[in-house]
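Visitor: One structure, as structure tokens, below. Some questions next.
The values are calculated or read from the model by the stated rules, or taken from the named source; none is laboratory data. The structure displayed is predicted, hence computed values, not measured ones. Ideal geometry is used to build each Cβ from the backbone, glycine not excepted, and the neighbour counts take in all protein chains shown. These accessible areas exclude ligands, DNA and RNA; they are computed on the full protein's heavy atoms, side chains included. Shrake-Rupley method; radii C 1.70, N 1.55, O 1.52, S 1.80 Å.
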Amino acid sequence: METIAVIIKDELGLHAKPAFRLAQLANSFKSELVIENNERRVNGKSVLEILTLSANKGSEIRLVITGEDEKDAADRLKKLLNGSLGEGNGK
């Protein structure tokens with residue numbers, strides 16, 4: 001199991017476009033992805049579930065990845081989340 005903690009930096013938060021990118025990348029791996037924000041846990045391969053997190057700028061989310069390719073998935077997901085995910089100003 002790999003766990004990643006990330007602070008959302010994008011001005012617009014984890015909105016539709018970055019949620020889609022995140023789910024799209026997660027679906028390219030065999031490993032399962034659960035995303036946590038506060039007490040809420042969702043399937044990280046579902047755009048709609050990711051959007052229910054309401055992760056605004058400054059929110060800390062945790063990604064929990066389990067499966068045979070979890071290390072590769074963790075590296076690629078972390079790179080995506082630490083980069084510019086969407087249209088806002090990720091500073």
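Visitor: Give just the number: which of (1) exposed (fewer than 13 other Cβ atoms within 10 Å of the Cβ); (2) at pLDDT 95 or above does residue 89 not satisfy?
Guide: Tallying (1) exposed (fewer than 13 other Cβ atoms within 10 Å of the Cβ); (2) at pLDDT 95 or above, residue 89 fails exactly one: (2).
Visitor: Restricting the search to the stretch 1-26, which residues are touching a Ser or Thr at 6+ places or on another chain (Cβ under 9 Å), in a loop (DSSP other than H, G, I, E, B) and open to solvent by 50 Å² or more (accessible area, probe 1.4 Å)?
Guide: Selection gives 1, 9.
Visitor: Looking at the stretch 48-64, I want the residues that are farther than 19 Å from residue 26 by Cα and have a partner that is among the aliphatic types (A, V, I, L, M) and surrounded by fewer than 16 Cβ atoms within 10 Å (Cβ to Cβ) with Cβ atoms under 6 Å, at least 6 apart or on another chain. Which pairs are those?
Guide: none
Visitor: Going through the stretch 27-52 one residue at a time, which ones are in a loop (DSSP other than H, G, I, E, B), out of contact with any Gly (no Cβ under 6 Å at 6 or more places or on another chain) and at pLDDT 95 or above?
Guide: 27, 28, 29, 44, 45, 46, 52, listed by residue number.
Visitor: Restricting the stretch 29-47 to residues that are in contact with a helix residue (DSSP H, G or I) (Cβ under 9 Å, 6 or more places away or on another chain), among the polar types (S, T, N, Q) and without any contact (Cβ under 8 Å) to a residue 24 or more places away in the chain, which is least open to solvent (accessible area, probe 1.4 Å)?
Guide: So, considering only residues that are in contact with a helix residue (DSSP H, G or I) (Cβ under 9 Å, 6 or more places away or on another chain), among the polar types (S, T, N, Q) and without any contact (Cβ under 8 Å) to a residue 24 or more places away in the chain, the one least open to solvent (accessible area, probe 1.4 Å) is 46.
Visitor: Only one residue in 58, 67 is at pLDDT 95 or above, surrounded by fewer than 16 Cβ atoms within 10 Å (Cβ to Cβ) and on the phi > 0 side of the Ramachandran plot, so which one is that?
Guide: 67
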